[in-house]
Amino acid sequence: MAEKKFKNTKNKKFAGIAWIMAILVLAIAVFINMMASKLDLIWDISPNKQYSLSETTKNYLEKASQDGEKIDFYLLQDLDEIEKYATADDSQNTLALYRALQEYNSYDCVNLVSFDPNSNEEIMQKINPDNSLTLSEGDMVIINGDIKKRIPSNTMYTADSVDSEGNVVSFKFTGENIITGTIKSVIDGFTPTVYFLTGHGEKSLTKDYTQFKKNLENYNYMAKSLNLSEVNAVPDDAALIIVPAPTTDITTDEKDKLDSYLDNGGNLSLLMSPNGGKFNYTNLDAIMQEFSIVMDYDKVYETDSANHVSGDNTTIQCELVQIEDDSEAADLTSALMNEGLVTFMPESRSFYFTYDSNFSNLKASDLIKTYSSAVGEAYGGTEDIESIKDTQLSLAAYAENNNRNQSKLVVFGNAEFIDDTNVSSDYVIVPVYLYLSTISWMYDTDVDMGIGSKTTSYDYITIGSEGNAKFIMTLFIILPVAILIIGIGIWMKRRNS
C-alpha cells in the first residue's frame, strides 16, 4: 500500500513538473512574441533574404555611419500606408520595400522622413523650393548638403513574369540597388553635368531650354553652358555635350578638344536643325564621319498629306526603328514602340551611314526614319545637291565607337523639339522621351552597387514517385502521430499504475 502511494506521489510529481515546464515554455513563447512585436524585431527566413538588406548595403551604411555622414531621406508617402499595403494579401514586393526602408532608417547616416505630400506643404517647399523636381506620391528625394537626387517610385519594381495575355502577374524588387546607389552618389557629392555648347549661334540653355533643364534635373543631371574657346579642355564632370542648332561651325581648336574628350569615352549629341547658310560644318562633319555618319544639307518635307500636320508639310509623321543589336541601346526605341504612340518630327534635316571600314568598330543604328513619301530638299551648304526621294530618310541616329573607349554620338535633325515652345507639345512627345532615353544611355546617373533584384521564392522538394510520396507521408505525418499515441498510452498506463 505504501509502495503504491509512493508511486502515485512520484507520478503526480512528474506530472506537475511536466505541466510547470509546459506553462513556462508557453509563457516564454508569449513573452518573446510580445517583445518581438513591441521592438519590431524581424527574422528573415525567406530563401533569398528578400526582406533584408544585402551585405553590400549593410557594409556601406555602417562605414558611412562611422565616417559621420548624414543624409536626409524623404519618402513622399506615409510609412504606415506602405505597411498597410505590405500586410495585405499578395504584397510580398511591397513588404520587401517596407522592410528595406525600416532597415535603412536604423543606420545613423540615414534620417528617414516619411510624409503625405498632399497635406505637408512645408516639407514639400523645403525639398523642392523652385519646383525643379517633378514629384509624385511614393517618390523619394535624398539630400546631402547641396546635392539632391530624386528616385521615382516606379523604379522600385520591374516585371518578373507575365501571363498569356501579356499582363504582369509578378514583380521583382529592384529598389535596393537604386536606393543604396543614390545614397552613395549624394554622399560622394558628384552630379554629372550636361553641357550645352555656346559660341556658335546655338540655342540658349537659359532662354530656350528652361523646361528641358528641369527635365534633366529630374533625371539627376545638372545642366550648364560651355564655351570651349574659354577652357583648356572639356570639364571632368561632363556627362555629355549637346550642340543645339549651331549657326556656324566650331573651330579646329574646339574640334581637337572634343576629339580628346571622345577619345576618353566622352559623349556628344548634335541637334542639327536645317540651316540655309551657304557654308559647310567642316569640323562637325569630320566628327560625325569618325562615327560613319554623314549629314545631309537638306530640309525634309512630306509629300503625302496623310503623313504630316495639316498645313505644315515639314512637321511629319515618322516611325521609330527597331534596334537589332545586343547593346544597351536596343531599349532606346522598343519601350516607346510598345506604347503605340504616333511619332512626329518638326522641320528636320537627314543623315545616313557610310558603312565604311570604320563602321565595323561601331554599334550603330537609325532611331527615327520617315516614310518613303518624304523628300529631302537641298537647303544650305556649298554644293548643289539633288533632292533625296523615294527612300526612307533618317532623322535621328546613334553610334558607339568601340575603338574610342565606347564614346557615343547621337544626332537629331532638329533642335527645336525640346525647346520651351515645343517640348510640351503632344506632337513631339515621342522624340522628347526618345532623346531623354539617349541621354540616359550615354551616361546613366544611377550608381550600380551590384545588388541583385529580389523575387518571392519558396523552398520545395521534388517527389519522384508514388512510393517516395508514401515514404515521406509516413516519415513526416504517420510516424509522429504514432509516436504521440504511444506516448499517451505509456503515460496513461503509468498514471494508473
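The values are calculated or read from the model by the stated rules, or taken from the named source; none is laboratory data. Remember, predicted model here, so these are calculated numbers, not experimental data. In this analysis, Cβ positions are derived from the backbone assuming ideal geometry, glycine residues included, and neighbour counts consider all displayed protein chains.
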Self-check item: Elements of type strands (runs of 3 or more DSSP E) contained in the stretch 161-269, each with 1 or more residues being in the same structural domain as GLN406 (by TED's automatic domain parsing) and in contact with a Phe, Trp or Tyr (Cβ under 9 Å, 6 or more places away or on another chain)
Solution: 193-197, 222-226, 238-244
Practice problem: Could you tell me whether the stretch 158-169 includes any residue that is modelled with pLDDT of 85 or more and among the polar types (S, T, N, Q)? | Solution: no
Practice problem: Give the residues of the stretch 317-375 that are of a type in the set (Gly, Ala, Ser), assigned to a loop (DSSP other than H, G, I, E, B) and modelled with pLDDT under 90, sorted by residue number. | Solution: SER327, GLY340
Self-check item: The lone exception for ALA335 - which of (1) surrounded by fewer than 20 Cβ atoms within 10 Å (Cβ to Cβ); (2) in contact (Cβ under 8 Å) with a residue 12 or more places away in the chain; (3) aliphatic (A, V, I, L, M); (4) in contact with a strand residue (DSSP E or B) (Cβ under 9 Å, 6 or more places away or on another chain) it fails
Solution: (4)
Exercise. Could you look through the stretch 376-387, keep only residues that are assigned to a loop (DSSP other than H, G, I, E, B) and farther than 15 Å from PHE351 by Cβ, and pick out the one that is nearest to the chain's Cα centre (by Cα)?
Key: SER387
Exercise. Check THR206, THR198, THR193 and return the single one that is within 30 Å of LEU228 (Cα to Cα), of a type in the set (S, T, N, Q), modelled with pLDDT of 85 or more and surrounded by fewer than 17 Cβ atoms within 10 Å (Cβ to Cβ).
Key: THR206
Exercise. Kindly indicate which of SER52, SER65 is of a type in the set (S, T, N, Q) and either modelled with pLDDT under 90 or outside the structural domain of ILE123 (by TED's automatic domain parsing) (or both).
Key: SER52
Quiz item: If you take the residues in the stretch 112-142 that are assigned to a loop (DSSP other than H, G, I, E, B), of a type in the set (D, E, K, R) and more than 16 Å from the chain's Cα centre (by Cα), which one is modelled with the lowest pLDDT?
Solution: ASP130
Exercise. Output the qualifying pairs, or none if there are none: Cβ atoms under 7 angstrom, residues six or more apart or on different chains, first residue in the stretch 173-202 and over 21 Å from ALA238 (Cβ atoms), second residue of a type in the set (A, V, I, L, M, F, W, C) and in a helix (DSSP H, G or I).
Key: PHE173/ALA96; PHE173/LEU97; GLY175/LEU97; GLY175/ALA100; GLU176/ALA100; ILE187/ALA64
Exercise. Could you check GLU83 against (1) of a type outside the set (Gly, Ala, Ser); (2) modelled with pLDDT of 65 or more; (3) more than 17 Å from MET156 (Cβ to Cβ); (4) assigned to a helix (DSSP H, G or I) and say which number it fails?
Key: (3)
Quiz item: Taking the stretch 276-297, which residues are part of a helix (DSSP H, G or I) and β-branched (Val, Ile, Thr)?
Solution: THR282, ILE287
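For every residue, the table says whether it meets (1) surrounded by fewer than 18 Cβ atoms within 10 Å (Cβ to Cβ); (2) in contact with a helix residue (DSSP H, G or I) (Cβ under 9 Å, 6 or more places away or on another chain); (3) charged (D, E, K, R).
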{"residue": "VAL186", "(1), (2), (3)": "no, no, no"}
{"residue": "LYS214", "(1), (2), (3)": "yes, no, yes"}
{"residue": "PRO235", "(1), (2), (3)": "yes, no, no"}
{"residue": "ALA245", "(1), (2), (3)": "no, yes, no"}
{"residue": "LEU258", "(1), (2), (3)": "no, yes, no"}
Exercise. Consider SER273 carefully, then state whether it is under 24 Å from TYR398 (Cβ atoms) and either of a type in the set (Phe, Trp, Tyr) or not in a helix (DSSP H, G or I) (or both).
Key: yes
Quiz item: Would you call VAL321 in contact (Cβ under 8 Å) with a residue 24 or more places away in the chain and crowded, with 18+ Cβ neighbours inside 10 Å?
Solution: yes
Quiz item: Looking only at residues in the stretch 407-421 that are outside any strand (DSSP E or B) and either touching a helix residue (DSSP H, G or I) at 6+ places or on another chain (Cβ under 7 Å) or not assigned by TED's automatic domain parsing to the domain that holds LYS207 (or both), which one is surrounded by the fewest Cβ atoms within 10 Å (Cβ to Cβ)?
Solution: ASP420
Exercise. Provide a single number: the residues in the stretch 422-435 that are buried (at least 17 other Cβ atoms within 10 Å of the Cβ) and either touching a Pro at 6+ places or on another chain (Cβ under 8 Å) or assigned to a helix (DSSP H, G or I) (or both).
Key: 9
Quiz item: If you go through the stretch 366-389 one residue at a time, do you hit one that is surrounded by 15 or more Cβ atoms within 10 Å (Cβ to Cβ) and without any contact (Cβ under 8 Å) to a residue 40 or more places away in the chain?
Solution: no
Quiz item: Within the stretch 66-80, how many residues turn out to be surrounded by 15 or more Cβ atoms within 10 Å (Cβ to Cβ) and either in contact (Cβ under 8 Å) with a residue 60 or more places away in the chain or part of a helix (DSSP H, G or I) (or both)?
Solution: 9
